[in-house]
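Everything on this sheet refers to the single structure shown next.
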Amino acid sequence: MDDGNPTGPKATWWSRPPAGRAVPPEPEVPPAHSGEVTAQLPPLADEVPGSGEHVPGAPPAPPAGQASVRQERPQPLHEPDEYSTPPYGGPGPWAPAPPVQLPTPAHGTPLPPPYAGQQGAQQGPQSYPPPQPHPTQRHQQPPQWVQYDPWNTAAPPPGQQPLTHHGEPRRTTRRRAGVAGAVLLAFAGCVLGGAVGAYIERNGGFTSVELPQAERESGGRAPDSVAGIAASALPSVVTLHVSGSDEQGTGTGFVLDRQGHILTNNHVVQPAGSSGEISVTFSGGQTARAELVGKDSGYDLAVVKVTGVSGLKPLPLGNSDNVRVGDPVVAIGAPFDLSNTVTSGIISAKERPITAGGESGDGSDVSYVDALQTDAPINPGNSGGPLVDTRARVIGINSAIRAADSGAGPDGGQSGSIGLGFAIPINQGKRVAEELINTGKATHPVIGVSLDLEYTGDGARVGTKAADGGPAVTPGGPGAKAGIEAGDVITEVDGQRVHSGEELIVKIRAHRPGDRLELTLLRGGRERTLTVALGSADGT
């Protein structure tokens, strides 16, 4: 090829001029200097080789020495560029790309395949040789830097490295879209969670709440447990409702036998008088009318009887002499008309001399009881109910409580329990109940003397005369036979100390008529011991 001609034709953009428009003459292009590199531009995207149209910028070079034949060619739609600026004018010199510091890959990161690769070269519509730099512009470059041609899609020549190294394709747009989607999803989850939480709070959840629970037990309780004792004793305990012409009351009783006899307190049936009504309600809810069999105010005991009731279950009787302080006990009754109430406690003391009643004023209704003391809660309505041991046997009849005040509540009724309850020992209750059922009356053991109840010294002093004006020591009575005299001070009964006249009466009534007792007394400053056989007197 001639050194005076460029290595290839000029690259220009062409288009057919519109009809009726003059085509300006083609400007003269000065020849390129020797060694000058001209740019070869790729064809337009819409002018693909092989479509049957001529591709501008790639005409065959005329032979050396032959004059160029001017041909009529289509002119560009623009005006000629007087400055010959590429791509419309002559091509300018190509300058090497400025050096660019490439990032150093992290240790262990594999380098991607060469720039553009063979696949990129094959996919391009046409390959162009890389431009050659001007001789004056050649200089030593590091092997990693090359000239940059934005039009060249061919692979770099051997020995050269691409401008940059391929890595994984950038997914900036896709990554940004993923982040945005994640943010949107999180926001939607927050909104949905808040809505669900508000719905659950207002409506109690999506489903009904079912709490865990233990399975139903078919087994019972140990017989000596409170539950076992209550289960055994409750069918024998009844609630009494008494009404008379002037007053009414509620109390408790328990079944003595299958004939329908029920034991209770005298003060429970007292409101009925001689013409009142007594109603008995059993633990199962059955109700029956009862008739008074007998009562005794001195022992505060009474027996009533029901008829026409089947399936009666008598409550077994224990022995109060076997009771010890600290033994567990259970009290059953109807405190404040709350029937079938069960409380538990212990025996806190024995042989507590107490007196109850005395509302009549003449002392005829005073009860003298050598009682069992318990801390099992007893309240008004418990009166007449059983106090049972761990084998569900009756050891006492609940009769009285000690109140912290005068014994009257704010509404005029008796105040409640403070843990001081008293029960008539069942040994005494059994004897009295048998006498009331058999004869309608109860007998009291006596020594045949009148006591000075106003004596404030220690012991029980025999008075100087009886209440009716007669002698204090009944002639021919048990005391007279034993040698008791007026003015004697009795200090002990069977070795147990007595501190008042009431205590002496309680100790004597704890025995049966005919029992023999040893009395210790003081006479003229000297202590003496006597033996007396108890007599009998009808109770009221």
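The values are calculated or read from the model by the stated rules, or taken from the named source; none is laboratory data. The shown structure was predicted, so the numbers you read here are calculated from the model rather than taken from an experiment. Every residue, glycine among them, receives a Cβ derived from its backbone with ideal geometry; neighbour counts consider all protein chains shown. With ligands, DNA and RNA removed, areas are computed over all heavy atoms of the protein, side chains included. Shrake-Rupley method; radii C 1.70, N 1.55, O 1.52, S 1.80 Å.
Against the empirical 2.2 N^0.38 Å scaling, what ratio does the C-alpha Rg of the range 284-357 come to?
Details: Rg = 15.8 Å, N = 74, 2.2 N^0.38 = 11.3 Å.
This ratio for the range 284-357 stands at 1.40.
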In the neighborhood of THR474, defined by Cβ-to-Cβ distances under 13 Å, what is the net charge if each Lys or Arg adds +1 and each Asp or Glu adds -1? 0
May I have the pair-distance distribution P(r) for the range 226-350, computed from all Cα-Cα distances with 5 Å bins from 0 and rounded to whole percent? 2, 11, 20, 22, 21, 13, 7, 3, 0
Express in nm, to one decimal, how much length is gained between GLU351 and ARG497 on full extension, taking 0.36 nm for each residue of separation and deducting their alpha carbon distance. 51.4 nm
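Can you compute the FRET efficiency between ALA214 and VAL309 using 1/(1 + (r/R0)^6), with r the Cβ-Cβ distance and R0 = 41 Å? Round to the nearest 0.05.
Numbers: r = 38 Å, r/R0 = 0.93.
Computed FRET efficiency for ALA214 and VAL309: 0.60.
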In terms of modelled amide H atoms, which long-range or inter-chain residues lie less than 5 Å from the amide H of ALA400? PHE422
Integer Hz, Karplus 6.51/-1.76/1.60 couplings in order for the range 374-384, x for Gly and Pro: 9, 9, 5, x, 10, 10, x, x, 6, 4, x
Not counting ligands, DNA or RNA, and with a 1.4 Å probe, what is SER245's accessible surface area in Å² rounded to the nearest 10? 110 Å²
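Ordering THR341, THR374 by how much accessible area each has at a 1.4 Å probe, largest first, what is the list?
Reading off the accessible areas and sorting them downward yields THR341, THR374.
Quick check: residue separation of ASP538 and SER415 times 0.36 nm, minus the Cα distance between them. What number comes out in nm? Each step should come with its number before you reach the end.
Details: separation 123, 0.36 × 123 = 44.28 nm, distance 3.35 nm.
Here the answer is 40.9 nm.
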In nm, to one decimal, how far is the modelled label at ARG324 from the one at ALA231, with both set 7 Å along Cα→Cβ? 2.8 nm
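Return the equivalent ellipsoid semi-axes of the range 431-540 as a descending list in whole Å, where each equals the square root of 5 times an eigenvalue of the C-alpha gyration tensor. Please report the intermediate quantities before stating the final value.
Numbers: eigenvalues 115, 46, 34 Å².
After scaling each eigenvalue by five and taking roots: 24, 15, 13 Å.
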The long-range amide H neighbours of ALA472, using H built 1.01 Å from N in the peptide plane and a cut-off of under 5 Å, are LYS465, ALA466
Using a 1.4 angstrom probe on the protein heavy atoms only, could you order VAL366, VAL493 from most to least accessible area? VAL366, VAL493
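To the nearest 0.05, what FRET efficiency results for ASP458 and ASP246 with a Förster distance of 56 Å applied to their C-beta separation?
On the way: r = 42 Å, r/R0 = 0.75.
Computed FRET efficiency for ASP458 and ASP246: 0.85.
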ALA404 versus ILE200: modelled label distance in nm, points set 7 Å from Cα along the beta carbon direction: 4.9 nm
Give me, ordered by chain and number, the residues 5 or more places off GLY318 or on other chains with an amide H under 5 Å from its own placed amide H. VAL394, ILE395
Would you tell me the accessible area of VAL309, worked out with a 1.4 angstrom probe on the heavy atoms of the protein chains, in Å² to the nearest 10? 30 Å²
If you add up the charges near VAL226, with Lys and Arg at +1 and Asp and Glu at -1, over every other residue whose beta carbon is less than 14 angstrom from its beta carbon, what do you get? -1
Starting from the exponent 0.38 and prefactor 2.2 Å, build the expected Rg for the range 475-527 from its residue count and divide its actual Cα Rg by it. 1.12
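Given the pairs LYS295/LYS465; LYS441/LYS507; LYS430/LYS507, which are separated by over 26 angstrom at their Cα positions?
Values: LYS295/LYS465 30 Å; LYS441/LYS507 21 Å; LYS430/LYS507 17 Å.
Too far apart for the 26 Å limit: LYS295/LYS465.
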